[in-house]
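Engineer: Let me give you the structure first, and then I'll get to my questions.
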Amino acid sequence: MARDGWALSALAESGAVARVGPNAVIRVAEALEQACGSESVTQVFQAAGLGHYLAALPSEMVDEREVTRLQAALRERLGIPVARSVSHDAGLRTGDYLLANRIPRPVQRLLTVLPARLASRVLISAIRRNAWTFVGSGVFDGTPGRPTRLSVMDGPICRGASADEPLCDFYAGSFERLFSRLVHRDARVTEIACQANGAEACVFEVRW
């Protein structure tokens, strides 16, 4: 479930660190190796202070700050264009993982036979319930329609970054894979606003 104000306040007061699913690390490693080779994986992970994952990638939830450092290291080591490509591929791979392991087959079959607008509404509701697994201490929201709009506020992907272009390709790739498989095969996702560019939230449009 996306964290509401009470949950965020409780998290801050407890001093607890928000955690997100390991796909934000595992799939980046896979995409980075595919694009740039194993040496780049080593260099980027060490630059992010995540060298301990080189021996064994995480199998449990990870500190959201590790995801922020990993994305920052991608941009610093590879440059923004390559980092965005790797991050987008990692998002697509995350979507594939969710389809194969987390979203029940009967639910997937139901969504694919529903009208796209209704399927979009159902999928957004499901994403919202599980948003804490990818936005951590951030907040997710979504509004079905033509186009459908999804937003992430204070998510770990671009936290603390500043750029002239959107940086949340990991989210865009994940959303695109899910919507293209479950809502409409022609669904494409574009990030139209990003907090790294000074926007209030990272906003994604889904069109088909």
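Engineer: Measuring from a point 7 Å past the Cα of Q108 along Cα-to-C-beta, which residues in the stretch 155-194 have an amide N at less than 19 Å?
Structural biologist: 173-188
Engineer: All other residues with a Cβ under 12 Å from the Cβ of C36 taken together, and with Lys, Arg as +1 and Asp, Glu as -1, what is their net charge? Walk me through the numbers on the way to the answer.
Structural biologist: Working: positive: R77; negative: E30, E33, E39, D89.
Here the charged neighbours net out to -3.
Engineer: In degrees from 0 to 90, rounded to the nearest 10, what is the angle of the helix 38-47 Cα long axis to the longest principal axis of the chain?
Structural biologist: Tilt of helix 38-47: around 80 degrees.
Engineer: Using bins 10 angstrom wide from zero, how does P(r) for the stretch 128-208 break down, in % of all Cα pairs?
Structural biologist: P(r) for the stretch 128-208, in whole percents per bin: 20, 54, 25, 2.
Engineer: Tell me the angle of helix 80-101 to the major Cα principal axis of the chain, expressed in degrees between 0 and 90 and rounded to the nearest ten.
Structural biologist: It works out to around 50 degrees.
Engineer: Here is a further query. Relative to the longest principal Cα axis of the chain, at what angle does helix 23-36 sit, 0 to 90 degrees, rounded to 10?
Structural biologist: Taking the Cα atoms of the chain, the angle to 23-36 is about 70 degrees.
Engineer: Distance in nm between label sites at T143 and S38, each 7 Å beyond Cα in the beta-carbon direction?
Structural biologist: Taking the two extended label points, one gets 4.9 nm.
Engineer: What is the distance, in nm, between label points placed 7 Å from the Cα along the Cα-to-Cβ direction at A56 and at R185?
Structural biologist: It is 4.2 nm.
Engineer: Restricting attention to the stretch 155-200, which trypsin sites (Lys or Arg not before Pro) occupy a DSSP loop and are surrounded by at most 13 other Cβ atoms within 10 Å?
Structural biologist: Numbers: sites: R159, R177, R181, R185, R188; in loops: R159, R185.
Here the sparse-neighbourhood loop sites are R185.
Engineer: If Lys and Arg each add +1 and Asp and Glu each add -1, what is the summed charge of the other residues whose beta carbon sits under 15 Å from the beta carbon of L118? Display every interim value, and only then the final one.
Structural biologist: Values: positive: R109, R117, R121, R146; negative: none.
Spelling it out: positives minus negatives among the neighbours equals +4.
Engineer: Right, something else. For a quick size check, give me the Cα extents of the stretch 5-207 along its three principal axes, largest first, whole Å.
Structural biologist: Per principal axis, max minus min of the Cα coordinates gives 46, 40, 34 Å.
Engineer: Another question about this same structure. Mind checking the full-extension length gain between L118 and A100? Use 0.36 nm per residue of separation minus the Cα-Cα distance, one decimal, nm.
Structural biologist: Values: separation 18, 0.36 × 18 = 6.48 nm, distance 2.23 nm.
Stretched out fully, the L118 to A100 stretch lengthens by 4.2 nm.
Engineer: For every other residue with a beta carbon closer than 15 angstrom to the beta carbon of R69, add +1 if it is Lys or Arg and -1 if Asp or Glu, then tell me the sum. Walk me through the numbers on the way to the answer.
Structural biologist: Values: positive: R19, R65, R75, R77, R159; negative: D63, E64, E66, E76.
In short, +1.
Engineer: Would you mind calculating the relative contact order of the chain from Cα pairs under 8 angstrom and at least 6 residues apart, reporting the percent as a whole number?
Structural biologist: Working: 356 pairs, mean separation 47.8, N = 208.
RCO, the chain: 23 percent.
None of the figures in this text is laboratory data; all of them are computed from the coordinates on show. Remember, it's a predicted structure, so these values are computed and weren't measured experimentally. Note: ideal-geometry Cβ built from the backbone for every residue, glycine included; neighbour counts use all protein chains shown.
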